[in-house]
Amino acid sequence: MALTGAGISAESGIPTFRGAGGLWRNFRAEDLATPQAFARDPKLVWEWYDWRRVKIAEAVPNAAHRALAAHEGLTLITQNVDGLHDLAGSRDVLKIHGDIWTRRCTQCGHETHDRVAPLPAYPPLCPKCGGIQRPGVVWFGEGLPGDVWDAAEDAARRARVLLVIGTSAQVYPAAGLIPLAKRAGAKIVEVNIERSAASEMADEFHQGPASEIVPGLLASL
Ligand code: APR
């Protein structure tokens, strides 16, 4: 089983949230990725998501994404909404924080899946009812998609090895998968350029960029 965070996409050119360059117009993710921020200023929140969609549209999966996609029998859970694991060929990715390429109507719930970037206008409107669309991602204070989260917890309880790749392990409940797996007997193997909140739980800590470490590490598993 693998749990990935923004760090696995850093070498594909997508800024992480809490490292250098993580801010957008001096806003942190915590300032914008909330229902309150969206209710207050949907246009501003969409400007940030559209900025990210444009960056992500230019990004390609790196060797770490590709190595995970090539490794059979691995349950892949990601906090990332960039879709790079899917582009690399991973199937059945458990996207516990949703998908930036999905837009959901706040009125009728209709979902639009496309890679339109930049969007022609903010906020985008529902093609069915004309309601305001929101990004199809999980915001701070919101619940995770129940079926996906249940599958992620189940995988954590059954994992023999949990690869923790490129996450600061600061955001819950996602980060809770790590102690859950450890308590159930999994070996925790972390890949990060620096120590994180998961490091003290890790049985192995491999310091360095994911694209350099993950391919060889998977080959050794
Ligand atoms: N290789 C491996 N790790 C890296 C690399 C790299 N090339 N570059 C950065 N990292 C590590 C950083 O050291 C950091 O520990 O990736 C981690 C990125 O941490 P965050 O920016 O906090 O991203 P993440 O852990 O995914 O955030 C979790 O927070 O904002 C919310 O919903 C959002 O899913 C996100 C969640």
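The values are calculated or read from the model by the stated rules, or taken from the named source; none is laboratory data. The structure presented is a predicted model; accordingly, all values stated were derived computationally and were not measured. Note: ideal-geometry Cβ built from the backbone for every residue, glycine included; neighbour counts use all protein chains shown. Please note that ligands, DNA and RNA were not included when accessible areas were found on the heavy atoms of the full protein model with its side chains. Shrake-Rupley method; radii C 1.70, N 1.55, O 1.52, S 1.80 Å.
Given axes a ≥ b ≥ c from the Cα gyration tensor, I'd like to know whether region 115-156 is rounded (a/c under 1.5), prolate (a/b larger than b/c) or oblate. In terms of gyration-tensor shape, prolate. Of the DSSP beta bridges with both residues in the chain, give the percent that are antiparallel, rounding to the nearest 5. Around 35 percent antiparallel, to the nearest 5. Solvent exposure of the chain, expressed per residue, is 47 Å² of accessible area, with all protein chains present and a 1.4 angstrom probe. Each peptide in 171-177, 210-216 was scored by the mean count of other Cβ atoms within 10 Å over its residues; highest first, the order is 210-216, 171-177. Can you tally the net charge around Val93? Count Lys and Arg as +1, Asp and Glu as -1, for every other residue whose Cβ sits under 10 Å from the Cβ of Val93. Charge balance in the 10 Å sphere: -1. Summing charges over all other residues whose Cβ lies under 12 Å from the Cβ of Pro209, with Lys and Arg as +1 and Asp and Glu as -1, gives -3. Charge tally for Gln36 (other residues, Cβ to Cβ under 13 Å; Lys, Arg +1; Asp, Glu -1): -2. Shape analysis of region 178-221 places it in the oblate category; the axes a ≥ b ≥ c from the Cα gyration tensor give an a/c of at least 1.5, with a/b not above b/c.
Computed over protein heavy atoms with a 1.4 Å probe, the carbon and sulfur contribution to the accessible area of the chain reaches 51%. Determine the percent antiparallel among the DSSP beta bridges restricted to region 86-189, to the nearest 5. Of those bridges, close to 75 percent are antiparallel.
With a Cα cut-off of under 29 Å and a minimum spacing of 8 residues unless on different chains, the lysine pairs in the chain number 8. Note on the chain: Cα convex hull, mean projected area over all directions, 11.5 nm².
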